[in-house]
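Here is the structure we will look at.
Computed from the coordinates by the stated procedures, all read-outs in this text should not be read as laboratory data. On a predicted model such as this, the values are computed, not experimentally measured, just so you know. Cβ placement follows ideal geometry from the backbone for every residue including glycine, while neighbour counts extend to all protein chains displayed.
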Amino acid sequence: LDGADGASGLAPVFINIGRGKCCDTSALVEALQVGILRGAALDVTAPEPLPSNHALWKFKNVLISPHNADKTTYFQKESVLKFVELTKVYSKAMRGGGASDDDRLRRFYESAGGNVVDKMSGY
């Protein structure tokens, strides 16, 4: 959890790069809705793939990556490093003061080099 120490004064961000079933998805959605969590970065979900009408797709503060880490030779190291890099870029972009959510998401997209999940296609 990023920011869970309370020092930043911000709600934590939940990050899951493990197994989707290790997270109670309903509880995650509720925590996002009521503001217990500032956001989430998910490489895995339950169910997977998420149905197109799932509540997680509707949040602007949720980053979902395609869980395709097994497609590279050194998949574990490369995928974790890339996911951590994108999470840092996302976190920095979302902390930008004075901008709207759409402006911050646009800043993230530009900073990430366009490497963002297409929510319309699902991945």
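Brief remarks on what is shown
- Applying 1/(1 + (r/R0)^6) with r as the Cβ-Cβ distance of Asp102 and Leu10 and R0 = 22 angstrom yields a FRET efficiency of 0.65.
- Here the gap between Glu48 and His67, fully extended at 0.36 nm per residue and compared with their Cα-Cα distance, gives a gain of 5.9 nm.
- A simple count of charges around Asp103, restricted to other residues whose Cβ falls under 14 Å of its Cβ and scoring Lys, Arg +1 and Asp, Glu -1, yields +3.
- Calculated from backbone phi, Karplus (6.51, -1.76, 1.60) coupling profile of segment 83-88 in Hz, x at Gly/Pro: 5, 5, 4, 5, 5, 5
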